[in-house]
1. Within segment 1-20, is even one residue among the aliphatic types (A, V, I, L, M), more than 21 Å from the chain's Cα centre (by Cα), assigned to a loop (DSSP other than H, G, I, E, B) and at pLDDT 90 or above?
2. Is it true that some residue in segment 39-52 is in contact (Cβ under 8 Å) with a residue 12 or more places away in the chain, under 17 Å from Gly108 (Cβ atoms) and of a type in the set (Val, Ile, Thr)?
3. Checking Asn112 against (1) more than 26 Å from Arg90 (Cα to Cα); (2) in contact (Cβ under 8 Å) with a residue 60 or more places away in the chain, only one condition comes out false. Which one?
4. In segment 272-300, which residue that is β-branched (Val, Ile, Thr) and buried (at least 24 other Cβ atoms within 10 Å of the Cβ) is modelled with the lowest pLDDT?
5. Output the number of residues of segment 62-104 satisfying the condition of being hydroxyl-bearing (Ser, Thr, Tyr), part of a loop (DSSP other than H, G, I, E, B) and without any contact (Cβ under 8 Å) to a residue 24 or more places away in the chain.
6. Could you grab the pairs with beta carbons closer than 8 Å, sequence gap of 6+ or different chains, first residue in segment 115-131 and farther than 30 Å from Glu209 by Cα and free of Cβ contacts under 8 Å to residues at least 40 places away in the same chain, second one among the charged types (D, E, K, R) and surrounded by fewer than 19 Cβ atoms within 10 Å (Cβ to Cβ)?
7. Please go through segment 105-132 and pick out each residue that is closer than 17 Å to Asn150 by Cα and either part of a strand (DSSP E or B) or basic (Lys, Arg) (or both).
8. Identify, please: which residue in segment 159-184 is of a type in the set (A, V, I, L, M, F, W, C) and part of a strand (DSSP E or B) and is, among those, farthest from Pro222 (Cα to Cα)?
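The values are calculated or read from the model by the stated rules, or taken from the named source; none is laboratory data. Remember, predicted model here, so these are calculated numbers, not experimental data. Cβ placement follows ideal geometry from the backbone for every residue including glycine, while neighbour counts extend to all protein chains displayed.
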Amino acid sequence: MCTDHGQPPLSGTVLHEVEIAETIALPAVDSVELVSLVDNVTDALMPDQGAARRVVLGSGPARAVATMVEGTAPDALIAEHGFSMLVTVRTGPVSHRFLFDTGTSPDGMTGNMRRLGIDPGTIEAVVLSHGHFDHTAGLDGLIRTLGQANMPLVLHPHAWRRRRMVLPGREPREMPTPSRRALAEAGFELLETPRPSFLFGGSVLITGEVGRVTGYEAGFPPQQAWLDGQWLPDPLVLDDQALVINVKDKGLLVLTGCGHAGIVNICRHARALTGGEIPLHGAVGGFHLSGPLVEPLIPRVIDDLAALDPQLIVPAHCTRWRAQHAMARRFGETFIPNSVGTRFALLPARVLRLTVPAVR
């Protein structure tokens, strides 16, 4: 969950070290496709750019609308304050498809899948970036669509915590909490670990807990958790984890949900986990740069992110417009705005040379 109401300015440092006992030899996949199923923005006029292909205005299914002469109108994609990305990784003839987060409303993610012609039955696993409801509530609609899930669900043990937001001048507000029992009864194989974990023969890395080493990326200070029979501060959101995929001829693709661990911390941690030699190709997802608590940090975050020399920056969800505008100015064509329905295709360099015509 991301909010920007009434947060005080940041002071002090935020540190949490995570020991990397052994670096990971992450094999390269041939290609990755991302499809944005849930995000805060939908824009039917957004043009294609680089790796991004947009939904064509008016394409897709229609719905009955009695006030239109023809009796129909496009069944438009829906945006909401949340995040979900469909990920497909391919190596040779073998491909695997899974979900990273599931959005806010019970039917938002599955509704957009229907509009995009994506069969939920092709999903092989679900990874949750953290337990906040704007990343988890869409599991309800997925269960009702599939019947029994019968697939792995990867998450950090803290994702089950009862949590609330405590904002100045407001009554504390408890957030909806995922139900372990309900998800187990739905057929999910619950894989709970704070450590790095893997899917599909080790080709997809889930970071587990991310070390907070920058000292300035603040987590989520308004958050408290119900621990030992009382509400206690829980600002670090230690269940916040990211996906890391090594794309052939390119480098590491890092996919975040809210990025409560800090996008710089996350990208540095991904490189450290994989030995530090593989370059960062891109970062996609929520960067948690919204509101007066963190907006003063935007220049520093951008400087440290730029030092990693990414070739693709797609800030989404809780990144908010101030950070988006600053990143657009700094990163130029490397910056690509997201919109619900956008497909990002990351292919080996030699494939791109064959498929993209030369500019004359």
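1. Checking segment 1-20: not a single residue is among the aliphatic types (A, V, I, L, M), more than 21 Å from the chain's Cα centre (by Cα), assigned to a loop (DSSP other than H, G, I, E, B) and at pLDDT 90 or above.
2. yes
3. Here Asn112 clears every test but (1).
4. Just the residues of segment 272-300 that are β-branched (Val, Ile, Thr), to begin with: 274, 278, 284, 294, 298.
Within this subset, residues satisfying the condition of being buried (at least 24 other Cβ atoms within 10 Å of the Cβ) are 284, 294.
On the way: Val284: 98, Val294: 87.
If we take residues in segment 272-300 being β-branched (Val, Ile, Thr) and buried (at least 24 other Cβ atoms within 10 Å of the Cβ), then Val294 is modelled with the lowest pLDDT.
5. Initial filter on segment 62-104 (hydroxyl-bearing (Ser, Thr, Tyr)): 67, 72, 84, 88, 91, 95, 102, 104.
Then keep just the ones that are part of a loop (DSSP other than H, G, I, E, B); that gives 67, 102, 104.
Next cut, without any contact (Cβ under 8 Å) to a residue 24 or more places away in the chain only: 67.
Here the count works out to 1.
6. As it stands, the answer is none, since no pair meets every condition given.
7. Hits for segment 105-132 are Val126, Val127.
8. Of all residues in segment 159-184, those of a type in the set (A, V, I, L, M, F, W, C) come to 159-160, 165-167, 175, 182-184.
Remaining after also requiring part of a strand (DSSP E or B): 165, 175.
Working: Met165: 5, Met175: 12 Å.
Checked segment 159-184; the qualifying residue farthest from Pro222 (Cα to Cα) is Met175.
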